[in-house]
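All remarks here apply to the structure that follows.
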Amino acid sequence: MCRYFSMKTCRGLALLAVVVFLQTGQAAEKERSGELVYQTICQYCHETGVGPELGLRQLPAVYTTHVVRHGFRAMPAFRPTEICDLELERVAAFIERNKGGGE
Ligand code: HEC
């Protein structure tokens, strides 16, 4: 293939292949873990006294999912572009099974 292209083009194509490869690799890890979503989004209000304490109450995941998507009185709703379905599922599961003790 390099016989038909200059060396520069060839190197460019190789670089492009690497970039595409790296980006596909990252796409698989794009969704944040439940703990990370909790720490970066929920904690901001829920561990500062703005919202009620969520940790250790083991609220059912279906309830948390509903509140996050639809909002609940002073609790803002979050769209799928902010927290995707998979991340919401993970953060709800994280809250439900959080029994403290670093679990
Ligand atoms: C901007 C601040 C804010 C953020 C960010 C926030 N919340 Fe809330 N949340 C609130 C407030 C305030 C309430 C209390 C609503 C009320 O009772 O008026 C609440 C209530 C809730 C409730 C109901 C609690 C109960 O006692 O029944 C759940 C569940 C909840 N939030 C989950 C979450 C999750 C999960 C996240 C992260 C994805 C999150 N919240 C992020 C402010 C926030």
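The values are calculated or read from the model by the stated rules, or taken from the named source; none is laboratory data. What you see is a predicted model, and the numbers here were worked out from it, not measured in a lab. For neighbour counting, all protein chains shown are included, and Cβ atoms are generated from backbone atoms with ideal geometry for every residue, glycine included.
Return yes or no: is GLY34 at pLDDT below 95, surrounded by 13 or more Cβ atoms within 10 Å (Cβ to Cβ) and closer than 14 Å to PHE94 by Cα?
Numbers: at pLDDT below 95: no; surrounded by 13 or more Cβ atoms within 10 Å (Cβ to Cβ): yes; closer than 14 Å to PHE94 by Cα: yes.
Taking the combined requirement at face value, the residue does not satisfy it.
I'm trying to understand the selection: among the residues of region 70-103, which are farther than 16 Å from TYR38 by Cβ, more than 9 Å from the ligand (Cβ to nearest atom) and of a type in the set (Lys, Arg)?
ARG79
How many residues does region 76-94 contain that are aliphatic (A, V, I, L, M), outside any helix (DSSP H, G or I) and crowded, with 16+ Cβ neighbours inside 10 Å? Working first, answer last.
Going residue by residue through region 76-94, those that are aliphatic (A, V, I, L, M) are 77, 83, 86, 88, 91-93.
Then drop every residue that is not outside any helix (DSSP H, G or I), which leaves 77, 83.
If we keep only those that are crowded, with 16+ Cβ neighbours inside 10 Å as well, we get 83.
Number of matching residues: 1.
With the condition kept exactly as written, say whether any residue in region 60-67 is at pLDDT 95 or above, assigned to a loop (DSSP other than H, G, I, E, B) and under 15 Å from the mean Cα position of the chain (by Cα).
Checked region 60-67: no residue is at pLDDT 95 or above, assigned to a loop (DSSP other than H, G, I, E, B) and under 15 Å from the mean Cα position of the chain (by Cα).
Across region 38-53, what is the total count of residues that are surrounded by 14 or more Cβ atoms within 10 Å (Cβ to Cβ) and more than 6 Å from the ligand (Cβ to nearest atom)? Quick ask: steps written out before the conclusion?
So in region 38-53, the residues surrounded by 14 or more Cβ atoms within 10 Å (Cβ to Cβ) come out as 38-39, 41-43, 45-47, 51.
The next check asks that each one be more than 6 Å from the ligand (Cβ to nearest atom); those that pass are 38-39, 43, 47.
So the count comes out to 4.
If you scan region 47-88, which residues turn out to be in contact with a strand residue (DSSP E or B) (Cβ under 9 Å, 6 or more places away or on another chain) and in contact (Cβ under 8 Å) with a residue 24 or more places away in the chain?
GLY51, VAL68
Under 6 Å by Cβ, and 6 or more places apart or on different chains, what pairs join a residue from region 35-46 that is under 15 Å from ARG69 (Cα atoms) and touching a residue at least 12 places away in the same chain (Cβ under 8 Å) with one that is of a type outside the set (A, V, I, L, M) and more than 6 Å from the ligand (Cβ to nearest atom)?
If the second residue must be of a type outside the set (A, V, I, L, M) and more than 6 Å from the ligand (Cβ to nearest atom), the pairs left are VAL37/GLU87; TYR38/PHE94.
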